Amino acid sequence: RRRRWQGSGTDYDLTEDGVSQAEELSAKLAGKGIEVIYSSPLLRARHTAEIAARMLKVPVKTETDLRECFYGEAEGRPIAELQKEMPEIVNNWSRPGGDLRFPGGESRQEALERVLAVLRRLEGESFRTAGVAVHGGTMAAMLNHFGYKFDKIPNCAVFRLHFENGEGTVEGNLF
């Protein structure tokens, strides 16, 4: 809402609207067979996971490496300001490929590799269906990686990732 570049260096909780969105999401996930929810440790993702888990009666497990990308000097700054100072990075950030990074920050590729390492490790767990509560930038990087085309990712978007043997396929925004 404040039009700021928000990554893992800014840890805000959900707004009232965010809580409502998480509650609506939880109702839609009922009956989908989710056995556990893995979450970023950041408040906004963790709170979303906890709301869903409470309604689904499943545990939440926090995974540090599911956090959003760290944007270095861009963290918490107004997007309009960054657009003037670093237009090349801002204008190309959401494009697939490349290894962009804000000064002092993590590259998109580094953040993606960190998240993919968690998914590969979780393949060895005993669940059949898990939820994963991550952030928009993290989600966008994963969708790009798996070749899924999208315009924008709304809050509480749900995508189904079938992940096996280190490979994944994505079904679109389910609701």
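Considering only protein heavy atoms and a probe of 1.4 Å, how much of the accessible area of the chain is carbon and sulfur, as a whole percent? Working shown, then result.
Working: 4750 of 10020 Å².
After summing per-atom areas, the C and S share lands at 47 percent.
When a/c reaches 1.5 or more, the comparison of a/b and b/c decides; with that in mind, is the stretch 1-112 rounded, prolate or oblate per its Cα gyration tensor?
Values: a/c = 2.54, a/b = 1.95, b/c = 1.30.
In terms of gyration-tensor shape, prolate.
Does the stretch 122-172 classify as rounded, prolate or oblate by the C-alpha gyration tensor (a ≥ b ≥ c root eigenvalues; a/c under 1.5 gives rounded; else a/b over b/c gives prolate, otherwise oblate)?
prolate
For the chain, what does the accessible surface come to per residue with a 1.4 Å probe? Please give it in Å².
Details: 10020 Å² over 175 residues.
For the chain, the solvent-accessible area averages 57 Å² per residue.
Mind checking which aspartates and glutamates have their C-alpha under 13 Å from residue 149, skipping anything on the same chain fewer than 8 residues away?
171
For the stretch 96-151, rounded, prolate or oblate, judged on the Cα gyration tensor with a ≥ b ≥ c (square roots of eigenvalues), a/c < 1.5 rounded, else prolate if a/b > b/c?
Prolate, since a/c reaches 1.5 and a/b exceeds b/c.
For the chain, what proportion of DSSP beta bridges, expressed in % and rounded to the nearest 5, is antiparallel?
45
The values are calculated or read from the model by the stated rules, or taken from the named source; none is laboratory data. Note that this is a predicted model, so its numbers are computed, not measured. Keep in mind that these areas ignore ligands, DNA and RNA; they rest on the heavy atoms of the full protein, side chains included. Shrake-Rupley method; radii C 1.70, N 1.55, O 1.52, S 1.80 Å.
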